Structures are given as C-alpha cells and as structure tokens.
Amino acid sequence: MKGQVIEVVGAVDSENRNVGVNNAKGGMGQEWDIIYVDEMPAALKIGEENKDWGFKINSPFYVVSMKKRGYFLDLLGNNMVMKTRNGMTSQQWYFDQKTRTIKSVRTKSKSWDIQSSGKASNL
C-alpha cells in the first residue's frame, strides 16, 4: 500500500468521524501529530487556559462587536444574531475542552457551526 495514508473520511476533523486509508494528497484530513505517552501533558481543568485555542475551559464569556460597540453575540433559536446586552444566558458562551467547540451556556447542545459544512457565511 505504498503511497497510502490514514485520513479522516470526508476530510473533516470532528468527534466520531470515520478514519480510513486513501492516496496521499496532503490535505488536512491526512495530517497527524505523534505524542508519546510519557510526554502527554496533564488534562486541563475547568478555568485553566487551553493555550492552543486561547480559551479558558468551561468559563462563560461574551462576544462583543468591535464594529458596532455594545452589541453582543446572541443565540436566537438556531441563529446567531447581534443584540444589546440583556443579561440572558443566550449571550454567554464557553469553550468545551472535550469537543473543542464553543457552546451556548443556555443551550449546551448548541455549538458554533458554519452553515453548509463551512461553505456558507452564516453561523
């Protein structure tokens, strides 16, 4: 199987995605790091910063617009919208270390996603 490499099927790096063998193309789904067990860092705890991602683990935060000051990113149904600060948990977000996604404090089953598998501009 010379020239074959392991890759994430569909070239999407996400939890529970199938891994297979394919021709070497050099895509992101074929890039891997090796971490030796004795060099594996300890798991981060709640409130500690994941330096690779720049977020504190499970610590709520707001996203505030720099373009239109005072507007906060808010979750309205399945859409992300800009609203003035209203104290609702729909405007609070947190970084989930396990899934490495940004999730809603109000609706923990919702995380940031780019519509149409990243081919659109809507979140």
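No lab work stands behind these numbers, since they all come straight from the coordinates. Note that the structure is predicted; figures quoted are calculated from it, not measured. All Cβ positions, even for glycine, are placed from backbone atoms using ideal geometry, and neighbour counts span all protein chains on display.
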Label point distance in nm, Thr101-Lys83, each placed 7 Å from Cα along Cα→Cβ: 2.2 nm
Multiply the residue separation of Leu76 and Ser116 by 0.36 nm, subtract the distance between their alpha-carbon atoms, and state the gained length in nm to one decimal. 12.5 nm
Any of Lys67/Lys108; Lys67/Lys103; Lys25/Lys108; Lys25/Lys67; Lys45/Lys68; Lys25/Lys110 with alpha carbons more than 31 Å apart? Name them for me. Lys25/Lys108; Lys25/Lys67; Lys45/Lys68; Lys25/Lys110
